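Notes for the one structure printed next.
The values are calculated or read from the model by the stated rules, or taken from the named source; none is laboratory data. These numbers were taken from a predicted model, which means no experiment stands behind them. Cβ placement follows ideal geometry from the backbone for every residue including glycine, while neighbour counts extend to all protein chains displayed.
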Amino acid sequence: MRPVDNSNAGSPDLTGKPAEIQTQQDGDSVTITVHGEIDLSTADDLDAAIRDAEDTEIGQIVVDLSDLAFLDSSGLSVLLKASVRNREDGNRISFVPSKHEVVTRLVALTGTGEIFD
C-alpha cells in the first residue's frame, strides 16, 4: 500500500514514475512494454495500447510488464479484461509478469496469476 503522503519511503519497488508505454512492431509481432506505474490515471492508456494492437491483423501481442513497478485495481482490471478478450480472439496476447514485489504480491493476493499462464 502506498503511504498517505505518496512518498516511496520504505518501498523500493515503487518508483513514483507515471507509466511509460511503448509499442514496437517486429514482423508479425507487437510488444507493448510498460515501465513505471499503472493506476487510475494511466490505466486507460494501457487499455488503448492493447486495444490498438488487438484491432490489427498482427499475429502475436506481447504485453511486457517486467518493469511495471506499481499496479492498482484499475490497471489489473485492464489486464484481466484483455485476458478475457484474448481467449475469445484466438490467444494472440501473452503477458510477461512484473519482477517487482508490489505487483507480484497484488497478483498473488487477488488470485489473478492465470493471466500470465
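Remarks
- Candidates PHE70, PHE95 - the one that is of a type in the set (Phe, Trp, Tyr), within 19 Å of ASP117 (Cβ to Cβ) and not in a loop (DSSP other than H, G, I, E, B): PHE95
- Per-region count, the stretch 74-92, residues over 21 Å from SER41 (Cβ atoms) and part of a helix (DSSP H, G or I): 6
- Restricting the stretch 29-59 to residues that are under 12 Å from PRO18 (Cα atoms) and of a type in the set (S, T, N, Q), the residue that is surrounded by the most Cβ atoms within 10 Å (Cβ to Cβ): THR42
- Among residues of the stretch 23-44 that are outside any strand (DSSP E or B), those with a Cβ under 7 angstrom from a residue that is aliphatic (A, V, I, L, M), sequence gap 6+ or separate chain, pair up as ASP28/ILE58; THR42/ALA19; ALA43/VAL78.
- Taking the criterion of being within 24 Å of VAL30 (Cα to Cα) and part of a helix (DSSP H, G or I), the residues of the stretch 108-117 that qualify are GLY113, GLU114, ILE115, PHE116.
- A search for C-beta distances below 7 Å between a residue of the stretch 49-61 that is part of a loop (DSSP other than H, G, I, E, B) and any residue that is among the acidic types (Asp, Glu), counting only pairs 6+ apart in sequence or on different chains, returns ILE58/ASP28; GLY59/ASP28.
- Any chance ASP64 is crowded, with 18+ Cβ neighbours inside 10 Å, at pLDDT 95 or above and among the charged types (D, E, K, R): yes
- Among the criteria (1) assigned to a helix (DSSP H, G or I); (2) of a type outside the set (Gly, Ala, Ser); (3) over 19 Å from LYS17 (Cβ atoms), the one VAL103 does not fulfil is (3).
- Of the candidates VAL78, VAL62, the single residue that is under 14 Å from THR23 (Cα atoms) and not hydroxyl-bearing (Ser, Thr, Tyr) is VAL62.
- Any hit, the stretch 11-20, residues being basic (Lys, Arg) and either modelled with pLDDT under 95 or in contact with an Asp or Glu (Cβ under 9 Å, 6 or more places away or on another chain) (or both): yes
- Some residue of the stretch 87-97 being without any contact (Cβ under 8 Å) to a residue 40 or more places away in the chain, exposed (fewer than 13 other Cβ atoms within 10 Å of the Cβ) and of a type in the set (Lys, Arg): yes
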